[in-house]
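The values are calculated or read from the model by the stated rules, or taken from the named source; none is laboratory data. Since this is a predicted model, take the numbers as computed values, not measurements. With ideal geometry, Cβ positions are generated from the backbone for all residues, glycine too; neighbour counts draw on all protein chains shown. Surface areas here come from the heavy atoms of the whole protein model, side chains and all, with no ligands, DNA or RNA. Shrake-Rupley method; radii C 1.70, N 1.55, O 1.52, S 1.80 Å.
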Amino acid sequence: MKNLYRKHIIVPVFAVVIFIAGTSFKSDFFEIAKQIEIFTTLFKELNMNYVDETNPGELMDSAIKNMLDELDPYTKFLNEQDVEEYKINNAGEYSGIGALVRSYDDKLIIVEPYKDYPADKARLKAGDEIIKIGDITVSDFDDNASELLKGANNSSVEVTFIRQGATKTTTITREGVEVDAVPYYNMVDDKTGYIVLAKFNRKASSQTKSALQDLKGQGATQIILDLRSNPGGLLSEAINVTNLFVPKGELIVTTKSKVKKFNQTYKTKNKPEDLKIPLVVLVNGRSASASEIVSGSLQDLDRAVIMGARSFGKGLVQRPLKLTYGTQLKVTISRYFTPSGRCIQSLDYWNRDKEGNAVRNTDFKQFKTRNGRVVEDGGGVMPDIEIASSKSNVLTNALVGNNVIFDFATEFYYKNTFNVVDDFNFSEAHYKDFKNFANSKDFSFKTKTEKLLEETLNSDDSLLGPDVQEKYKDLLLAVNRGKISALDTYKKEITKKIEDEIIKRYFYRDGLYDYNLKNDEAILSATYLLSNANKYNTLLLPN
């Protein structure tokens, strides 16, 4: 009954309230006012008369979240705590323990301690399960317990954690943490510079510019800009990063909205850093939003060759709107379009399948780059050259999403020793160990074929006699066997993700970047392309 109440009463009525906050009053003002009055009366009567004690704050919070879930995953209500975190993410600075932490109901998992920050100094490792913070047991804490790890500079907190079955304690002294937009840059060879741009916070363009200048000072005459797994960030910084390589006054992004004031065109405003230097941009399926603005615009302007795998496909723009009591609504206000006129949004949240999932766009329209090359909309930024190890698939996503790779990397770390990154080698025997580990884990995923077969078997189709049903079941078994053999089919992609996870355990993220300079397929392919000027230039000519 509780779910029905949220879904059918609070959600649709409360949607009207937010609608008013975000749009101007129109001819249906009376209907809006009517629904507000109904909702207010309902909420008051419910809380006064319900048989058990209610928590009005929790009910309202559930109403808001359930309503926004009907829209898209980027439109969110931010309470006061969320607002502060949003500011921190954009600023790139905060005070805490200096670690990436994953939150569960009964524990916190250290995903990655940052080198020389408090968690690392306290000798916490990836895979450690924090079960108690100070006097508070994580499983008894109703809110996100990771907030308990934050605090003022030089304040201390004792944590109890489990490592490989043993319970341990340590004291962490918090300090200021700087989140670099460019965590790494270096020379691949004597003329190829490599820059990792990990996020688009307020430091993105200035740090990318500094890295570019330093690399050119070291002799770089060609550049690889790595945007793989960059989730995006500030639109203004995406434009400024692009501006490093294109002239002042160049159109980069157009946004279109039903609200006229949000219809904007964004052009570069600064003097570029280098208009001629050959440039390769690396992307993958986790390169999103601002990353796609940079890669998509550089592709449309024929200023760079894009390599890797199709990007995520987020063509929606959000803006925080201030509400009362220090809260905000981060709401999708518009779609953005690259210079050629394409919107790369891949999921249609306004049309959903039977399971309520957003439908993926398949009807791609063609556009032309400045030189006349054909590019498409609606499915992320498609690279000019695809790299196999950069691609994702249902299996690798399931292995990551179910923490199979993460947990294997934790066990591997405590069983194997490597003193320097050059000694690291993930052998055939290691991959065999991983396959055995994966097969022993209870993780599940379904292919499209599997879903169709199950849907058919569960249907009321009278034409499916016993013989046909048995054949369908045999097909399902064959698909399951194929899923196991897919560990070999996608060995290259899976091995890349395993290596990335393991190397960080020994040598931190800098060690991973050092390793990638010599071993990463995408970086090596980009370096090879840049060394072949004719091939590079040909790729930027009309198809």
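Numerical summary
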| item | result |
| --- | --- |
| Count - residues of segment 229-243 that are crowded, with 24+ Cβ neighbours inside 10 Å and more than 19 Å from LYS267 (Cα to Cα) | 1 |
| Test result for VAL157, on the phi < 0 side of the Ramachandran plot, touching a Gly at 6+ places or on another chain (Cβ under 6 Å) and of a type in the set (Val, Ile, Thr) | yes |
| Any hit, segment 204-225, residues being touching a residue at least 12 places away in the same chain (Cβ under 8 Å), in contact with a Pro (Cβ under 7 Å, 6 or more places away or on another chain) and closer than 19 Å to PRO339 by Cα | no |
| Tally of residues being open to solvent by less than 40 Å² (accessible area, probe 1.4 Å) and either more than 20 Å from TYR266 (Cβ to Cβ) or touching a His at 6+ places or on another chain (Cβ under 7 Å) (or both) across segment 216-228 | 6 |
| Selection status of ASN270, over 24 Å from LYS191 (Cβ atoms) and touching a strand residue (DSSP E or B) at 6+ places or on another chain (Cβ under 8 Å) | no |
| Residue within segment 105-112 that is surrounded by fewer than 15 Cβ atoms within 10 Å (Cβ to Cβ) and not hydroxyl-bearing (Ser, Thr, Tyr) present | yes |
| Listing of strands (runs of 3 or more DSSP E) fully contained in segment 344-431 that carry 2 or more residues being open to solvent by less than 70 Å² (accessible area, probe 1.4 Å) | 347-352, 358-360, 374-376 |
| Every pair of residues 6+ apart whose Cβ atoms lie under 8 Å, when the first sits in segment 129-151 and is open to solvent by less than 60 Å² (accessible area, probe 1.4 Å) while the second is acidic (Asp, Glu) | ILE131/ASP106; ILE133/GLU158; GLY134/GLU158; VAL138/ASP106 |
| Number of the exception - MET1 against (1) under 21 Å from LEU329 (Cβ atoms); (2) modelled with pLDDT under 85; (3) of a type in the set (A, V, I, L, M, F, W, C) | (1) |
| Of all residues in segment 483-516 being touching a helix residue (DSSP H, G or I) at 6+ places or on another chain (Cβ under 9 Å) and exposed (fewer than 14 other Cβ atoms within 10 Å of the Cβ), the one that is modelled with the highest pLDDT | LYS492 |
| Residues of segment 321-343 that turn out to be open to solvent by 50 Å² or more (accessible area, probe 1.4 Å), touching a residue at least 60 places away in the same chain (Cβ under 8 Å) and assigned to a strand (DSSP E or B), as a count | 1 |
| Subset of segment 517-543 that is part of a helix (DSSP H, G or I) and small (Gly, Ala, Ser) - its residue that is most open to solvent (accessible area, probe 1.4 Å) | ALA533 |
| Residue match in segment 496-512 (condition: among the aromatic types (Phe, Trp, Tyr), in a helix (DSSP H, G or I) and under 21 Å from the mean Cα position of the chain (by Cα)) | yes |
| Given (1) on the phi > 0 side of the Ramachandran plot; (2) without any contact (Cβ under 8 Å) to a residue 24 or more places away in the chain, number of the condition ARG123 does not satisfy | (2) |
| Members of segment 39-57 found to be loosely packed, with under 13 Cβ neighbours inside 10 Å, at pLDDT 85 or above and part of a helix (DSSP H, G or I), listed by number | THR40, THR41, LYS44, GLU45, MET48, ASN49, PRO56 |
| Pair list, Cβ under 6 Å, 6 or more apart: segment 491-515 residue among the hydroxyl-bearing types (Ser, Thr, Tyr), other residue outside any helix (DSSP H, G or I) and surrounded by fewer than 18 Cβ atoms within 10 Å (Cβ to Cβ) | TYR506/PHE418; TYR508/LYS115 |
| Residue match in segment 75-88 (condition: of a type in the set (Asp, Glu), under 27 Å from PRO231 (Cα atoms) and open to solvent by less than 40 Å² (accessible area, probe 1.4 Å)) | no |
| Matching entry among ARG102, ARG123 (being open to solvent by 60 Å² or more (accessible area, probe 1.4 Å), at pLDDT 90 or above, of a type in the set (Lys, Arg) and not in a loop (DSSP other than H, G, I, E, B)) | ARG102 |
| Residue pairs meeting the criteria (Cβ under 7 Å; at least 6 apart or on separate chains; first within 15 Å of ASP143 (Cβ to Cβ), in segment 61-87; second among the hydroxyl-bearing types (Ser, Thr, Tyr) and at pLDDT below 80) | LEU78/TYR86 |
| SER297 within 22 Å of the chain's Cα centre (by Cα) and surrounded by fewer than 19 Cβ atoms within 10 Å (Cβ to Cβ) | no |
| Residue among ASN436, ASN458 that alone is at pLDDT 80 or above and either crowded, with 16+ Cβ neighbours inside 10 Å or farther than 30 Å from LYS535 by Cα (or both) | ASN436 |
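Conditions tested, residue by residue: (1) assigned to a strand (DSSP E or B); (2) under 25 Å from the mean Cα position of the chain (by Cα).
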position: GLU147; (1), (2): no, yes
position: THR169; (1), (2): yes, no
position: ASP180; (1), (2): no, yes
position: TYR185; (1), (2): yes, yes
position: ASP190; (1), (2): no, no
position: GLY193; (1), (2): yes, no
position: ARG202; (1), (2): no, yes
position: SER210; (1), (2): no, no
position: LEU215; (1), (2): no, no
